[in-house]
Amino acid sequence: MIEKQERITRAVLGAISEMDPPVFKSSMNSDIRTIPLSENLDSLGMVNLIIGVEDALKREFKEDIPILGRMSALGLDPFKTSGALIDYIGKIV
């Protein structure tokens, strides 16, 4: 059985790879945990990322996993890098 963290990573990277900013496509060849998110997205791009990640998580885990719900309660900024987002989702799944 695939480990939870691997499933989350696959879902997040799948959602990122479907996004348009070229910086994501060039970053996919480097360390996957350091792909910059918030510095490369405007507000609409951030909304699209959230929707894309939530959709990918739903396909992967067969349930709705809203990623914004506990963010402020945990005092985290999960949208700084792909690794931060993967770690944050690991805490709420």
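The values are calculated or read from the model by the stated rules, or taken from the named source; none is laboratory data. Keep in mind the model is a prediction, meaning the values are calculated, not measured. Side chains are part of the model used for accessible areas, which takes the heavy atoms of the whole protein and leaves out ligands, DNA and RNA. Shrake-Rupley method; radii C 1.70, N 1.55, O 1.52, S 1.80 Å.
Modelled with pLDDT under 90 and under 13 Å from the mean Cα position of the chain (by Cα), is that true of I2?
Taking the combined requirement at face value, the residue does not satisfy it.
Could you please give the count of residues in segment 67-93 that are more than 11 Å from the chain's Cα centre (by Cα) and at pLDDT 90 or above?
Matching residues across segment 67-93 total 0.
Restrict the check to segment 48-61 and report whether at least one residue is modelled with pLDDT under 90 and either hydroxyl-bearing (S, T, Y) or open to solvent by 20 Å² or more (accessible area, probe 1.4 Å) (or both).
Taking every residue of segment 48-61 in turn, none turns out to be modelled with pLDDT under 90 and either hydroxyl-bearing (S, T, Y) or open to solvent by 20 Å² or more (accessible area, probe 1.4 Å) (or both).
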